[in-house]
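Asks: One structure, as structure tokens, below. Some questions next.
Just so you know, all these numbers are worked out from the coordinates, no wet-lab data involved. Keep in mind it's a predicted model, so treat the numbers as computed, not measured. We place every Cβ from the backbone using ideal geometry, glycine too, and count neighbours over all the protein chains shown.
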Amino acid sequence: MQTPLVMTKFAMPPLRPVVVSRPQLLARLNAGLGGKLTLVSAPAGFGKTTLVVAWLHDLVEKSEGKRVAWFSLDESDNDPVRFWSGFVTALQSIWPEAGQEALGMFKSSPPMPVEAILTVLINEISALVIDGPYLFVLDDLHVLTIPQITSNLTFLLEHIPAGLHLVATTRVDPDLPLSRLRARQQVNEIRLTDLRFMTDETASFLNQCMGLKLSESMISALEARTEGWIAGLQMAGLSLQTSSNPQEFIRSFTGSNRYILDYLLEEVLQREPEQVQDFLLKTSILGRLCEELCEVVTDGQQTQAMLEHLESANLFLLPLDQERRWYRYHPLFGELLRTQLEKSQPDEIAALQQKAAGWFEMRGDLEQAVRHLLTVQDFNQAAPLIERVAFDLLSHGEVGTLVAWLRTLPDETLRTRPWLCVLDAWMLILTGQAGTIEARLQKAEAAIQSGAISTSEIERVRAYASAIRAQVTFIQGGAPVAIEFAKSALDHLTAADHVISATTATILGASYAYIADFTSAVDSFEKAKAISLAGGNQFNAMVAGSALAQIAAVHGHLKHAHQIYQDGLRLAGKSAFMAPGYTYAGLANILCEWNELDTALEYAAQSVELCKVIGQAEILMTAYTSLARVQLARREFDASLTTLEEARRVASDISAWSLDTILILQARVWLAKGDLEPAILWSQNGGYSVEEPASFHREQGLLTLARVRMLQGQPEQVAALLERLWQEAERSGRTGSLIEIGILQALNFQAQGKSRMAQETLVKILALAEPEGYLRLFLDEGEAMRSLLEDCRKQAPRSNPYLEKLLDTYPPEQSALIEPLSKRELEVLNLLTVGRSNSQIAAKLFISLNTVKAHVKNIFAKLGVHNRAEAIHRAQELGLI
């Protein structure tokens, strides 16, 4: 639950009882509401917030219902998830139910990129602001120093709904596309020259607001000396209220910032009673002040009376709520007080920060307590508080905040606290820095051995360490070891550890699948899904669901897999962005197999676009491979290869196994295209051998190798390999794998002239494939498969509707040669058959490369084929080779 202190960040400050009327600036602000952004940019002390508050109060009085969301920023908002969570909280001051889905997405593990979540939020806002304008204020934008937040704000501005207007106050211009916004007349800028008080405004401020009675000449002199700097005029006015000789004061007054700050110390601050000075200095360490907190820091002074005195005396104390319970110092004044505190009472600062931290800890606001302790480098007290609050931060997705704290702690503090070592290792995984993880975990174990934590906590710490090791080991390809780590972790993690438990169960399932133990894999993914749903994490639940669908597809249960994917989309509800990209990719793969290529292409393209926004590399690679498969089925070979190049770029940042998946699919496209040279090169350098043992995780590579070797005329080696693969797939009940292996076995028998065995094998495979509607596994094998299917039809005792459907799906066949091949074309054809490249054929026949290409083109046209593989098969049918 948010504390009252936090909620003041989302309350628009009250209007001051007496303010200078600035109708021209208010008119300019109103005129800019048609754009996207109002930027109020000037150094401290020029009345930026005061102007915006006066403007908004005026707008509120004239409108029906609440139309302003306010977000006062401070340094703690330099965490993307914290900032945008605060942004949603501010929106909820207008629409209480707004942003619930976005807040849930921030809790996903691994974290979803903010732009993906913003897309959901923007879509929701669009439906809410149709009766706009509504205004959203970011006060003190300059405190944000994280480039990612600025980048996200740029994304928001580029897509902001027409009914929402962003207002920002800042000391320095933010790194937003201001030039582009100016060119499009979408930004309204109020700057230093606009905010400076003119002579009439100076007179109103000094004589009406501050109760002085200065002549026109005095006012003009002060306005000229301060150049309209409002803070400078206020400081001068404070002194003039007690000055015995105003004219002499004005004559000697220098309006420069440095002079005024020095003057404020010497004349204004030191003129206050010692008790007031002491209160000001001690409470300057606080970002926001209330009576109870100030009493703790100042050791029991009558703080409420003091706060009321400071506000009435115009001593730069600003109320933050209508009840005047919470206040803050003007930033300039606060900085000045802290500087003076460091000079006059340096030995007191640590104690003051510790008192403030103690108050926040008692109130349950551990985050603020940690911030105060880290300010004075009190790491020993901060460390246990970080341990206590860390899991709350992670459950809200605030990884950046926790990472920043852990990086602040010295190594000697980390290595004495096992939990901090383990948390640091976990953060290294989430931020993609796996290199030093094991060193952190070893330090955690060393701290355990030294007795740093209670016996009851030891097992839980070690469980986290095992879970982290499971993730690292699986990524590195050590599935059997990852299984042991994951099982050990899950045995000791508690219900409170649902985030890492779900992740670990998913890793366990993937590791079991890697070694083809699918029963255990399914159990693990089901457990991951249940843990995720119990913890309210739909994203992780759909990740586990997609894994279950993939296992169903591998076992030949396409209809069941399709249902799981559809259930995942229903779980996502109205938001497509809550559905992982591979839900769409998985659906595209199944629809592609059913030869529903147009719908498959739509799903695959949607998957890629979604995953680009989500930004998770593994999911994006899955989306690219799905799209490439659909493009291959549509015979869009160049498009498929282009897609795979994009996938290759992404996969190279994940693991060697991921990259291998892309290279295998590239080889399949080259084969389908009839471009044997790069396919043969892959078969030589891809790390696969026709003699190696069969295994599930290398199955696709070995099947692709078998296709290449069949075209190279090595049927005996291929037969032995396919038999080993069949036995392995049969052992684990993978019907989907058996269908593909059996198809290649039938084609290999046909290539060996064993027609009866080819037909018998294919009939058996058709029986396996028919219940689930497999089509593309047959169709993608081209003319060779069509010929074999026709042979089966001729030999069948009765009509087979499934067989007829397969044959009807093929394009019309050319039954005979359009024109005989020439002697030279026959020579080229025979060299194509043994896998020679165009350049090798040119060298062998002593002809140019262009001549070879012309011959190949003519051969394809005469045979009625599209690529080398089909040409070889057709030539075999016709007895040409």
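Asks: Could you give the size of the charge dipole of the chain about its Cα centre, using +1 on the Cβ of each K and R and -1 on the Cβ of each D and E, expressed in debye and rounded to the nearest 20?
Replies: Here the size comes out at about 2320 debye.
Asks: While we're here: Which one of 454, 848, 99 is farthest out on the positive end of the charge dipole of the chain, using unit charges on Cβ (Lys, Arg +1; Asp, Glu -1) and the Cα centre as origin?
Replies: Towards the positive end, the residue furthest out is 848.
Asks: Residue 857: which lysines have alpha carbons under 19 Å from its alpha carbon, excluding same-chain residues fewer than 8 sequence positions away?
Replies: 673, 823, 844
Asks: Send over the semi-axes of the chain's equivalent ellipsoid, whole angstrom and largest first, taken as the square roots of 5 times the C-alpha gyration tensor eigenvalues.
Replies: 71, 32, 22
Asks: Helix 80-91 against the longest principal axis of the chain: what's the angle in degrees, Cα atoms only, rounded to the nearest 10?
Replies: It works out to around 70 degrees.
Asks: Using modelled amide H (1.01 Å from N, peptide plane; none on Pro or chain starts), what sits under 5 Å from the amide H of residue 241, excluding residues fewer than 5 places away?
Replies: HN-HN under 5 Å from residue 241: empty list.
Asks: Expressed as an acute angle from 0 to 90° and rounded to the nearest 10, what is the orientation of the C-alpha long axis of helix 538-554 relative to the principal long axis of the chain?
Replies: Computed tilt is about 0 degrees.
Asks: Report the gain in length on full extension from residue 609 to residue 185: 0.36 nm times residue separation, minus Cα-Cα distance, nm rounded to one decimal.
Replies: The span from residue 609 to residue 185 would gain 149.6 nm if fully extended.
Asks: Tally Lys/Arg at +1 and Asp/Glu at -1 over every other residue whose Cβ is under 14 Å from the Cβ of residue 385; what's the total?
Replies: Here the charged neighbours net out to -2.
Asks: A further question follows. Count the net charge of all other residues whose Cβ sits under 11 Å from the Cβ of residue 118, scoring Lys and Arg as +1 and Asp and Glu as -1.
Replies: Summing Lys and Arg as +1 and Asp and Glu as -1 gives -3.
Asks: Given a cut-off of 17 Å, what percent of all Cα-Cα pairs of the range 392-475 lie beyond it?
Replies: Of the Cα pairs, 44 percent sit more than 17 Å apart.
Asks: May I pose another question? Would you kindly derive the ³J(HN,Hα) couplings of the range 9-25 from the backbone phi angles with the Karplus curve 6.51 cos²θ - 1.76 cosθ + 1.60 (θ = phi - 60°), listing them in order in whole Hz, with x for Gly and Pro?
Replies: These are the phi-based 3J(HN,Hα) values: 5, 10, 10, 5, x, x, 6, 5, x, 10, 10, 6, 6, 10, x, 5, 5 Hz.
Asks: If I take the Cα coordinates of the range 438-563 and project them onto the principal axes, what are the three extents in Å, biggest first?
Replies: Per principal axis, max minus min of the Cα coordinates gives 56, 30, 19 Å.
Asks: Still on this structure: Once the Cα atoms of helix 823-833 and of the chain are each reduced to a long axis, what angle between those two axes, in degrees from 0 to 90 to the nearest 10, is obtained?
Replies: Roughly 60 degrees between the two axes.
Asks: Sticking with the crude label model, points 7 Å out along Cα→Cβ, report the distance from residue 208 to residue 805 in nm, one decimal please.
Replies: About 8.4 nm separates the two model spin labels.
Asks: How high is the relative contact order of the chain, in percent, counting Cα pairs under 8 Å that sit 6 or more residues apart?
Replies: Relative contact order comes out at 8 percent.
Asks: Report, by chain and number, residues whose modeled amide H sits under 5 Å from the one on residue 289, excluding near sequence neighbours (fewer than 5 apart, same chain).
Replies: 327, 328
Asks: Report the convex hull volume per residue for the range 293-361, counting only C-alpha atoms, in Å³.
Replies: Normalising the Cα hull of the range 293-361 by residue number yields 101 Å³.
Asks: Okay, moving on. Starting from 0.36 nm per residue, how many nanometres of slack lie between residue 853 and residue 691 once their C-alpha separation is accounted for?
Replies: Full-extension gain reported as 54.8 nm.
Asks: Which net charge results for the neighbourhood of residue 168, defined as the other residues with beta-carbon distances under 14 angstrom from its beta-carbon, given Lys and Arg at +1 and Asp and Glu at -1?
Replies: Counting the neighbours of residue 168, the net charge comes to -2.
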